[in-house]
Amino acid sequence: MANKQIVDARGLSCPQPVLMTKKAIESGEKSYEILVDNGTARENVTRFATNAGFKVSVTEDGDDYRLTLTK
């Protein structure tokens, strides 16, 4: 099984987290963990990943959101 790629987009405002997620997905892994720290980024990354065919699960980690993307 391939390693999970982690993208730390905390502290960044959109569209930066979505662009970082897009770039990560282009690497061809099957699993990603995206870290964001605001609701807007969480919503936008979730929408982008879902449209790209990923299943997204979100967990809150203090003030941060951990989005796990799997194919």
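Bear in mind that the values in this text are calculations on the coordinates, not laboratory data. Quick caveat, the model's predicted, so the values are computed rather than measured. Here the Cβ is made from the backbone with ideal geometry for all residues, glycine too, and neighbour counts use every protein chain on show.
Sort 30, 23 by Cβ crowding within 10 Å, fewest neighbours at the top. Before the final figure, lay out each step's value.
Details: 30 13, 23 10.
With the fewest neighbours first, 30, 23 line up as 23, 30.
Of the beta bridges DSSP finds with both residues in the chain, what % are antiparallel, to the nearest 5? List each step's numbers first, then the result.
On the way: 13 of 17 bridges.
Of the beta bridges lying entirely in the chain, close to 75 percent run antiparallel.
Show that you can apply the helix-only estimate: for the chain, add -39,500 (n - 2.57) for every DSSP H stretch of four or more residues, divide by all residues, and state [θ] at 222 nm to the nearest 500. All intermediate terms of the calculation are to be shown ahead of the outcome.
Details: 2 runs with 23 residues, N = 71.
-10000 deg cm²/dmol, from helical runs alone.
Where does the chain land on Rg(C-alpha)/(2.2 N^0.38 Å)? Mind dumping the intermediate values first?
Working: Rg = 10.7 Å, N = 71, 2.2 N^0.38 = 11.1 Å.
Taking N as the residue count of the chain, the ratio is 0.97.
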